[in-house]
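Trainee: Below are the structure tokens for one structure; questions will follow.
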There are 4 protein chains.
Amino acid sequence: MNFSFKNDYAEGCHPNILKALVQFNFDQQNGYGLDEYSQLAEQIIQEKIKSETSKVHFVAGGTQANLIVISAFLRPHESVVSASTGHIFTNEAGAIEATGHKVHSVEKADGKLNPEDIQSILDGHQNIPHQLKPKLVYISNSTEIGTIYTQQELEDLSKFCKENELYLFMDGARLPQALMAFGNDLNLEEIAKLTDAFYLGGTKNGALLGEAIVINNQSLQPEFGFHIKQKGAMLAKGRLLGIQFLELMRGDLYLQLAAYANAKAMLLKSAFTEIGCEFLTDTFTNQIFPIVSIEQAENLAEHFDFYQWKKLENDKVAIRIITSWATNEEAVEQFATKIRALKS
Amino acid sequence: MNFSFKNDYAEGCHPNILKALVQFNFDQQNGYGLDEYSQLAEQIIQEKIKSETSKVHFVAGGTQANLIVISAFLRPHESVVSASTGHIFTNEAGAIEATGHKVHSVEKADGKLNPEDIQSILDGHQNIPHQLKPKLVYISNSTEIGTIYTQQELEDLSKFCKENELYLFMDGARLPQALMAFGNDLNLEEIAKLTDAFYLGGTKNGALLGEAIVINNQSLQPEFGFHIKQKGAMLAKGRLLGIQFLELMRGDLYLQLAAYANAKAMLLKSAFTEIGCEFLTDTFTNQIFPIVSIEQAENLAEHFDFYQWKKLENDKVAIRIITSWATNEEAVEQFATKIRALKS
Amino acid sequence: MNFSFKNDYAEGCHPNILKALVQFNFDQQNGYGLDEYSQLAEQIIQEKIKSETSKVHFVAGGTQANLIVISAFLRPHESVVSASTGHIFTNEAGAIEATGHKVHSVEKADGKLNPEDIQSILDGHQNIPHQLKPKLVYISNSTEIGTIYTQQELEDLSKFCKENELYLFMDGARLPQALMAFGNDLNLEEIAKLTDAFYLGGTKNGALLGEAIVINNQSLQPEFGFHIKQKGAMLAKGRLLGIQFLELMRGDLYLQLAAYANAKAMLLKSAFTEIGCEFLTDTFTNQIFPIVSIEQAENLAEHFDFYQWKKLENDKVAIRIITSWATNEEAVEQFATKIRALKS
Amino acid sequence: MNFSFKNDYAEGCHPNILKALVQFNFDQQNGYGLDEYSQLAEQIIQEKIKSETSKVHFVAGGTQANLIVISAFLRPHESVVSASTGHIFTNEAGAIEATGHKVHSVEKADGKLNPEDIQSILDGHQNIPHQLKPKLVYISNSTEIGTIYTQQELEDLSKFCKENELYLFMDGARLPQALMAFGNDLNLEEIAKLTDAFYLGGTKNGALLGEAIVINNQSLQPEFGFHIKQKGAMLAKGRLLGIQFLELMRGDLYLQLAAYANAKAMLLKSAFTEIGCEFLTDTFTNQIFPIVSIEQAENLAEHFDFYQWKKLENDKVAIRIITSWATNEEAVEQFATKIRALKS
């Protein structure tokens, strides 16, 4: 079977997590997130983001985090602004609309929103009450296409949102990969200051499952638990989420795993660059989108799995290659060799 | 710390599951339920229920299973009939209503619905289109208060539902405990024949998390995956659910764990019976509801944790004691000794 | 064809309304409730209820008013308490649940809620966040079975709601009939003080259609128009609602029409009383529920239309007779004569 | 006060309707759409569209019609395709999303969808079940910007929808204006054959309120009344809708009113054309979008009311002028004179 670079959730979890699951297996704990591990994991996160007043809730996955946060924060007539590449806009089977809220989209080649984008949506929704009231800005960092926000960009967004009484919510399914990217100047402390809520992705960074929702805006914290329960996301054995985040967040494991994933992607990026490939977007996280000929793509696909992302002109195709904390080093070396061999 | 008899989800999971998680950890698998373990687990379940045309979907928890099944099966004007003790009616934070559907309830001391109960709801909803159209009958087996359905009772319900074009859906969060109860004459094959859908509970029977939704009615099977995704319940690493059900379902582990839990509860039941206690309902599964004096309850609570379930007259209280696959044998012995000591 | 006592919406509207529609037909007006008539009607209502800070919104019907108010006021995890006879609980095809909110019911023979009823629901919802948060109390005045609230009763409810941070909402589809009932001691000014919102029914009191929603709680007023629009209830020609309420509310027409309807019902009530009938509930509004034999019911039904409301023991049946502002005086006389003739 | 060309709902209704309301005012009728007028109006519509198996339902307004039809037809995971100018996409305060369904949009300068547009949405939703299933195509005729569909265009759309198992639904808020437009070759009979459902607009063509939903696809007809009731759209005095459509549909009044509105718009269009104006879109219905200088727009606005629709380059602006069945002939003459005077 070919080694897969199709996604960052093909393997299980970091061995430390399995060890902890075994170690604590027969400890009796309270259910529904009131276990000691979850409470301790919340504390560690509060410390790492330097925000004691932030509240942390653990849920199983990203779509779940998105739909719970958005439906809990908004009144029925309030809507969401997203880039057209936003996960909630394209890949969550209408999860947000199913809770009653529209997602407005702005076409963005780089997957990132800026104040002008949001202003354009606000300008187009002045016919009150016939048009919706945009109220929440949804951004992903790193984005669905591997790009990242700079500190200045996030500050600008945050300032704009505050001035316009909009909530700023960051989808962090691949947040650690953003934080460890070459060129990144953001950190968790700043993100906690600049957003109303965000989440720390676990599923794509070493956990079996789990995202840690962090609510910084205190007016949005009360009664959040009801929404987790109502949407079916409150695990009886919340310990499973608590233990995992405890293992990931203490020490540097969480960021180390992302750094590893990024490094492997960059290694493959170098190989493509060497043979003169261009990229659909220039990324420094664990996703790369090199442009190759269809023939080259087929050649690579003989031994490695990845997605053909976008057909382009002149028999070219952008392929998507994703690495993870678990990507095999030897497989990366072999893939890089194979890539370099495309040239001749 | 006291040993807890408060619920059946205080511990982690059966060690076989942890072993398998470790063993398969670095196998690369497809995401979103298309992994080999999930597919194999579906096959084993199809074989055990002797119904090859049934479809199996794994989700994380019971509330999630309930809300996805019900919202996927019903049109907007269709409603649900439940016993007033039904989990969806009282303990899921309005999860079903949040998907737009009303739950009608019938007061039942034993937690079980019969055709007359449902007929009474149908009779009260004849003023079309001003009243809703009851369309799905929700039952739990074992029920939220530990009772079970007999084969005859389920056959009667099934016949009534078919005659009235109603769907019959069984919440099986504690189904194995029902199947292994003293006096039970139902089996999985019959349940698959008599219901449109049901689920096999994992969370309360040895798994870290997970319920296996089984859809028997073929007209309700198409496009079910959309609903799992839309409600945020499709795990990227579906392998976590697949591996667990694979371990539980092959061989007899699944039923053995439930039999163990039931046996421990019956042992404690005997102790209460010996000292002359009555019970709120007479149960043979892993939940018992002995009636004791408040003083006796406080005495027991010094060393063991459990819930005071219902205040009764004359300073009496019904307490709820739950055992599980992981309940410590020694703790049960000590508890039984303590109970018998109440008499003197 | 028989004269119908089946409901209070069998005829068109009060002739004054038709005159006004003709008179103002070609005046150009702003759409969507911004016409001069609607604005003037709001002012008159504010004056009549002596509450200048209350906001008034006109919608087409009662179910619409109920679903818009409730879904606009509540967050997703908040629920409604209603008597089991409440229109929202039994006769609106799940309109409230379709907006995502559960309606808890309390069985009440007289159709009226008191603080103890609500307390019982609060007591049953202490398992947070597994159970919903009851937040809005829905009452009807007059009720669906013709009874009315006294000032003391409404004060008690209002006080209880404030103490428990619950909203109090009065369905006033038949509010004028309550205000003009024998024994009533409530008035619009008090209702505006004691409720967070209520509505003045038009459809059942002389209008072609229309209910005037009055929001007294200023924190619930902002952005209400969005909800009217979103639920499809904002008429392009809002003038139709404005003109009607202008005609009904200026002078005493609104209350006079209800007084007339009540008087006709009382006249029939007297006839039933004279022949020794009992009543399902003792009412003083435009609905009566006399208990007659099935034979008597069939006898009356030869010449008059009404509903058989509830089958009782001993071949008895409670019938429902409703009068309106338009009920023909002669028909009432004939019906009364027919009733008295039942005796012999 | 200036004469208004801002919309086609500034006045009341055609005098014939008022006459009929007066004439039938005291006839007792069944409520909730079961009155004789509504039933007769349905028959006349069935005859005019030459489709006896079509079902007709009357509701109060266009947003209401759209949200009821779409939510009644679709399952939770199914979505809608609309032009970006579609009323449901931009001007209904999220009414469709509030029922749980996403609306995909395609940018179209002329406001009309074609098979290629829909195919592009289908192509972008192949990642099942992570992406929604587009199931209903929403078109408006005439469109929100005054353009119309030809018979060939509708045939092509209908064929494509059938081949792809999509429902085709036509918003007919301004359908009569389309049918009476210069260049139109469609008729009601063809529309009934080619669509699954459509509606005949009343509000913008002579009625006080009201749209007649026509469901042609028999599989979509059952139990539709529940949805009307649940969404608060079932008028107790359905007679109000029945009487209006009876007056409009018998004889040629309905089409005559639209022809009149169109003629007045074309008269103003000629005036703008004479002075060399261009138009944002070339329309032949009751809406025109001439492009004038800001100075010219301000000049006209001194005596006539209309909307500035879109700011353009070089101090130009597209204005929107709408006429109706009630537009005053003299006002049109004066406006035309004023327009011609702009030139000098």
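Trainee: Nearest to the axis that maps chain B onto chain C: list the chain B residue whose Cβ wins, with the distance in whole angstrom.
Mentor: B:97, 2
Trainee: For n ≥ 4 DSSP H runs only, could you compute -39500 (n - 2.57) per run for chain D, divide by its residues and tell me the 222 nm figure to the nearest 500?
Mentor: Estimated from H runs of four or more residues: -11500 deg cm²/dmol.
Trainee: Let me confirm one metric for peptide D:62-69, namely the mean number of other chain beta-carbon atoms within 10 Å of its residues' beta-carbons.
Mentor: That works out to 3 on average.
Trainee: Label the range C:87-181 by shape, choosing from rounded, prolate and oblate, from the square roots a ≥ b ≥ c of the eigenvalues of the Cα gyration tensor; if a/c is under 1.5 it is rounded, and otherwise prolate applies when a/b is larger than b/c, oblate when it is not.
Mentor: Verdict is oblate for the range C:87-181.
Trainee: 7 Å along Cα→Cβ for the label point: how many nanometres lie between residue C:343 and each equivalent label in the other copies, listed shortest first?
Mentor: 7.2, 9.0, 11.4
Trainee: Calculate the radius of gyration of the Cα atoms of the range D:170-300 to one decimal place, then report Dmax, the largest Cα-Cα distance, as a whole number, both in Å.
Mentor: 18.2, 56
Trainee: To continue, here is another question. Please give the average number of partner chain Cβ atoms lying within 10 Å of the Cβ of each residue in D:30-40, rounded to a whole number.
Mentor: Whole-number average of other-chain Cβ neighbours for D:30-40 is 2.
Trainee: Quick one: with label points 7 Å out along Cα→Cβ, list the inter-copy distances for residue A:39 in nm, shortest first?
Mentor: Between copies, matching label points for residue A:39 lie 4.5, 5.9, 6.9 nm apart.
Trainee: If amide hydrogens are placed 1.01 Å from N in the peptide plane, which non-local residues have theirs closer than 5 Å to the one on residue C:3?
Mentor: The answer is C:305.
Trainee: From the gyration tensor of the Cα coordinates in the protein assembly as shown, what semi-axes in whole Å does the equivalent ellipsoid have, largest first, with each one equal to sqrt(5λ)?
Mentor: 53, 45, 27
Trainee: Output wanted: per-residue J couplings in Hz (rounded whole) for the range B:131-148, from phi through Karplus 6.51 cos²θ - 1.76 cosθ + 1.60, θ = phi - 60°, x for Gly and Pro.
Mentor: Karplus values, whole Hz, x for Gly and Pro: 10, 5, 9, x, 9, 10, 9, 9, 10, 10, 8, 5, 6, 5, 10, x, 7, 9.
Trainee: Round to a whole angstrom and tell me the spacing of the C-alpha centers of the range A:186-213 and the range B:121-171.
Mentor: Using only Cα atoms, the two centres lie 44 Å from each other.
Trainee: Next question. Among rounded, prolate and oblate, which fits chain C when a ≥ b ≥ c are the square roots of the eigenvalues of its C-alpha gyration tensor, a/c under 1.5 means rounded, and a/b larger than b/c means prolate?
Mentor: oblate
Trainee: Separate question: What are the ³J(HN,Hα) couplings of the range D:267-282, residue after residue, when phi is run through the Karplus curve with 6.51, -1.76, 1.60 and θ = phi - 60°? Round to Hz, x for glycine and proline.
Mentor: In residue order, the calculated couplings are 4, 6, 4, 4, 4, 5, 4, 4, 8, x, 6, 9, 10, 4, 9, 8 Hz.
Trainee: Assign one of three labels to the range A:1-158, namely rounded, prolate or oblate, based on the Cα gyration tensor with a ≥ b ≥ c the square roots of its eigenvalues; rounded applies when a/c is under 1.5, prolate when it is not and a/b is larger than b/c, and oblate otherwise.
Mentor: In terms of gyration-tensor shape, prolate.
Trainee: Let me have the relative contact order for the range C:62-123, percent, based on Cα pairs under 8 Å that are six or more residues apart.
Mentor: 35
Trainee: On a C-alpha basis, how far is the centre of the range C:74-120 from the centre of the range C:262-334 in Å? Whole number, if you could?
Mentor: 28
Trainee: Taking the label point as lying 7 angstrom from Cα along the Cα-to-Cβ axis, what are the distances from residue B:182 to the corresponding position in the remaining copies, in ascending order and in nanometres?
Mentor: 6.5, 7.1, 9.2
Trainee: Springs between alpha-carbon pairs under 10 angstrom, Gaussian network model over chain C: which of C:26, C:160, C:169 fluctuates most?
Mentor: Result for chain C, Cα springs under 10 Å: C:26 fluctuates most.
Trainee: Which whole number of Å³ per residue matches the convex hull of the alpha-carbon atoms in the range B:83-129?
Mentor: Dividing the Cα hull volume of the range B:83-129 by its residue count gives 73 Å³.
Trainee: Using only atoms on other chains, find how many Cβ atoms lie within 10 Å of each Cβ of peptide A:208-214 and report the average.
Mentor: Averaged over the peptide's residues, the number is 3.
Trainee: Here are some pairs, B:50/B:229; C:159/D:231; C:108/C:133; C:269/D:229; B:102/C:112; which of them have Cα atoms lying more than 30 Å apart in this structure?
Mentor: C:159/D:231; C:269/D:229
Trainee: Okay, next question. Across 10 Å bins from 0, what is the distribution of all Cα-Cα pair distances for the range D:157-208, in whole percents?
Mentor: The percentages, shortest bin first, are 24, 47, 24, 4.
Trainee: Within the range B:189-261, list the trypsin sites (Lys or Arg not before Pro) lying in a DSSP loop whose Cβ has at most 16 other Cβ atoms in a 10 Å radius.
Mentor: Taking the range B:189-261 and a limit of 16 other Cβ atoms within 10 Å, the loop trypsin sites (Lys or Arg not before Pro) found are B:250.
Trainee: Can you pull out the GluC sites (Glu not before Pro) in the range C:222-300 that DSSP calls coil and that have at most 16 other Cβ atoms within 10 Å?
Mentor: The qualifying sites are C:223.
Trainee: Where in the range B:222-260 does the amide nitrogen come within less than 15 Å of the point 7 Å from the Cα of residue A:307, taken along Cα to Cβ?
Mentor: From the range B:222-260, the list is B:236-237.
Trainee: Let me ask something else. In whole percent, what relative contact order does the range B:15-251 give with Cα contacts below 8 Å and a gap of six or more residues?
Mentor: Computed over the range B:15-251, the figure is 30 percent.
Trainee: Scan the range A:35-135 for GluC sites (Glu not before Pro) in coil per DSSP, keeping those whose Cβ has at most 14 other Cβ atoms within 10 Å, and list them by number.
Mentor: Loop-located and lightly packed - A:52, A:107.
Trainee: Show me, for the range D:319-333, the HN-Hα J-couplings you get by feeding each phi into the Karplus relation (A = 6.51, B = -1.76, C = 1.60, θ = phi - 60°), rounded to Hz, glycine and proline as x.
Mentor: Ordered by residue, 3J(HN,Hα) equals 9, 10, 10, 10, 10, 8, 4, 9, 4, 5, 4, 5, 4, 5, 4 Hz.
Rule-based calculations on the coordinates, nothing more; no lab input. Keep in mind it's a predicted model, so treat the numbers as computed, not measured. We place every Cβ from the backbone using ideal geometry, glycine too, and count neighbours over all the protein chains shown.
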